[in-house]
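**Q** Quick one: the structure is below, and I'll ask about it shortly.
Read the figures in this text as sums done on the coordinates, not as results from a lab. For clarity, every value in this text was computed on a predicted model and none was experimentally measured. When we count neighbours, we look across all protein chains shown, and the Cβ atoms used for this are built from the backbone with ideal geometry, even at glycine.
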Ligand SMILES: C[S@@+](CC[C@H](N)C(=O)[O-])C[C@H]1O[C@@H](n2cnc3c(N)ncnc32)[C@H](O)[C@@H]1O
């Protein structure tokens, strides 16, 4: 058997890869970031997706013209805003779930500042309780909540996704990242979750080494 291309041993680490991608797209993302003057994600302790993952989310929403989006894990609404601005083009809306009511209030304030309040519906409470109770289907689901819940939310998310819809999950490469010991307990549930995707007959999926790992799955 012959190979078209012999890459050899790859010695880049994920940090180098992500920094390079950020640099290449710096001018493009700067223009967008300038529209978010009041959301300084570097100076606050709330976790949020990286710019590279934000760009990926917007691209995926654009690719399927997603009109109905479910986000699980709002924090202060950084990713919600990216999703809302992308789906607004198609007349869509985002439903987002957050456990902590104070954090949800900060997100609501940010939605108002950016002007997306009318297309963001906030559900405040435990995703483990709320998500299984949802009945409508979604074009796009973004999972970015407490990672120990990932395996429990897998089946409810697949059920809520329409055929041809996308399920995207953040931080799925924790099992191979050098993590602080405080995050070690999340390796097992994320590994279990990743194997659920790989073994699913309902989904086609891939894990990309963007940010801390992003899984993209298409429901057949
Ligand atoms: C990683 S952050 C979300 C970041 C956000 N997606 C972004 O990129 O801007 C995870 C969020 O999930 C929330 N959370 C944790 N456990 C939860 C639960 N059981 N139900 C709902 N939200 C939860 C946390 O309070 C936190 O705000």
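**Q** Between 58, 122, 16, which gets the highest mean-square fluctuation from a Gaussian network model of the chain, Cα cutoff 10 Å?
**A** Largest GNM mean-square fluctuation: 16.
**Q** State, to one decimal in nm, how far the label point of residue 103 lies from the label point of residue 22, with both points 7 Å from Cα in the Cβ direction.
**A** 2.1
**Q** From the C-alpha coordinates alone, can you work out the Kirkwood hydrodynamic radius of the range 101-169, in Å?
**A** Result for the range 101-169, one decimal place: 13.4 Å.
**Q** Stick to Cα atoms and the Kirkwood definition of Rh, then tell me Rg/Rh for the range 150-220.
**A** When Rh is taken as the Kirkwood radius, the ratio is 0.98.
**Q** Which percent of Cα pairs goes in each bin when the distances of the range 91-220 are cut into 5 angstrom slices starting at zero?
**A** The percentages, shortest bin first, are 2, 10, 18, 21, 20, 17, 9, 3, 0.
**Q** Post the alpha-carbon centroid distance, the range 103-154 to the range 184-220, in whole angstrom.
**A** 19
**Q** Here is a further query. Please give the length that would be gained between residue 148 and residue 135 if that part of the chain were fully extended, namely 0.36 nm times their separation in residues minus their C-alpha to C-alpha distance (nm, one decimal). Could you put the intermediate results ahead of the total?
**A** Details: separation 13, 0.36 × 13 = 4.68 nm, distance 2.34 nm.
Fully extending the segment from residue 148 to residue 135 adds 2.3 nm.
**Q** Let me ask something else about it. Of all DSSP beta bridges located in the range 49-219, what percent are antiparallel, nearest 5?
**A** In the range 49-219, DSSP labels about 35 percent of beta bridges as antiparallel.
**Q** Over all alpha-carbon pairs of the chain, lay out the pair-distance distribution in 5 Å bins, whole %, shortest bin first.
**A** Histogram of Cα-Cα distances, whole percents per bin: 1, 7, 14, 18, 21, 17, 12, 6, 2, 1, 0, 0.
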